[in-house]
1. Scan segment 122-133 and tell me whether some residue there is under 12 Å from the mean Cα position of the chain (by Cα), at negative phi and not aromatic (F, W, Y).
2. Only one of these is surrounded by fewer than 21 Cβ atoms within 10 Å (Cβ to Cβ) and touching an Asp or Glu at 6+ places or on another chain (Cβ under 6 Å): E142, E130. Name it.
3. Mind counting the residues in segment 155-184 that are loosely packed, with under 13 Cβ neighbours inside 10 Å and either under 16 Å from L212 (Cβ atoms) or among the small types (G, A, S) (or both)?
4. Restricting attention to segment 141-192, report how many residues are touching a helix residue (DSSP H, G or I) at 6+ places or on another chain (Cβ under 8 Å) and at positive phi.
5. Every residue in segment 268-286 that is surrounded by 10 or more Cβ atoms within 10 Å (Cβ to Cβ) and either touching a residue at least 24 places away in the same chain (Cβ under 8 Å) or over 25 Å from M246 (Cβ atoms) (or both), please.
6. List the number of the failed condition for F56; all other conditions in (1) surrounded by fewer than 19 Cβ atoms within 10 Å (Cβ to Cβ); (2) part of a helix (DSSP H, G or I); (3) touching a residue at least 60 places away in the same chain (Cβ under 8 Å) hold.
7. Take segment 211-240 and flag every residue that is within 12 Å of the ligand (Cβ to nearest atom) and more than 22 Å from P176 (Cβ to Cβ).
Amino acid sequence: MNASTPSPAQNQASTATLYGGVANRRVTVRDLAAAKQRGEKWSMLTAYDALTAGVFDEAGIPVLLVGDSAGNCHLGYETTVPVTMDQMVMLSAAVVRGTKRAMIVADLPFGSYQESPAQAMHNAARLMKEAGVGAVKLEGGERSARSIELLVEAGVPVMAHIGLTPQSVHALGGYPVQGRGDEAAHQLLRDAKAVQQAGAFAVVLEAVPAELAAQATEQLAIPTVGIGGGPDTDAQVLVWTDMAGMTAGRVPKFVKQYADLRTVLGDAARAYAEDVRTGAFPAAEHSFH
Ligand code: KIV
């Protein structure tokens, strides 16, 4: 077996389930295609650092997205728009280092692919070579099809993202639900088919009516990944800080909070500060003699 020959583990088209099945290597696009075939639903979470990504990897989340939501969920910006390629490379490399099993998908941020397919290729290559991700994600349906085609031809697995595309927040005037009404619904289905035709291995459907997401899922051979797309998509994605209750203030209607980490962490910080103030910390067992 030479360096370019896949190992038997890499070569296995996974017939095992994503949960508990793929354990000795990273999840691949073939595993996700097989999951759609057998009707197994899967989850994706965002991650922006090695520590948190490691927790999700150990929990068996098969796909982690280094989303440009890092802008508003991790880096303190109001939107995803200011996020740069250098930031995405740094965050993605950390997530890759912190994980062993999940497929790592990284977002191409605003301004890093819209100029031309060549620009998309240049920046996708940076994410793959400098950060080591397994796939990239970009926003747009028909308008991004040429770039997707070029990336896929060059060997870059691409996850598409249609419906509500947060990088267009200023053009959209906020984050409105997409695909409502006949014309918008038809456009969403055209976008979904365009990215599949261009070679995307999966497509995120964000903030679209559940019935429309179900229709797209039925019509596509590639997996659909819903966020605010109802229960019938092949997979679901949530921003981890929303899912775990780290986000301050209101979260979108489509979020389910599975923990209240903001309270847990705040309470821990307050207890630590109080112990330091009263002299209860450090105690003898925390001291060297
Ligand atoms: O950046 C991100 O977190 C995303 C998800 C919302 C799909 O694109």
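Any read-out appearing in this document is the output of simple, stated calculations on the displayed coordinates, not a laboratory observation. The model shown is predicted, which means the values in this text are computed figures rather than measured ones. Neighbour counts are summed over all protein chains in view; Cβ atoms, including those assigned to glycine, are modelled from backbone coordinates with ideal geometry.
1. Looking for residues that are under 12 Å from the mean Cα position of the chain (by Cα), at negative phi and not aromatic (F, W, Y), one finds at least one in segment 122-133, hence yes.
2. Among E142, E130, only E142 is surrounded by fewer than 21 Cβ atoms within 10 Å (Cβ to Cβ) and touching an Asp or Glu at 6+ places or on another chain (Cβ under 6 Å).
3. 8
4. Here the count works out to 2.
5. A280, P282, listed by residue number.
6. The single condition F56 does not satisfy is (1).
7. Result: A235, W240.
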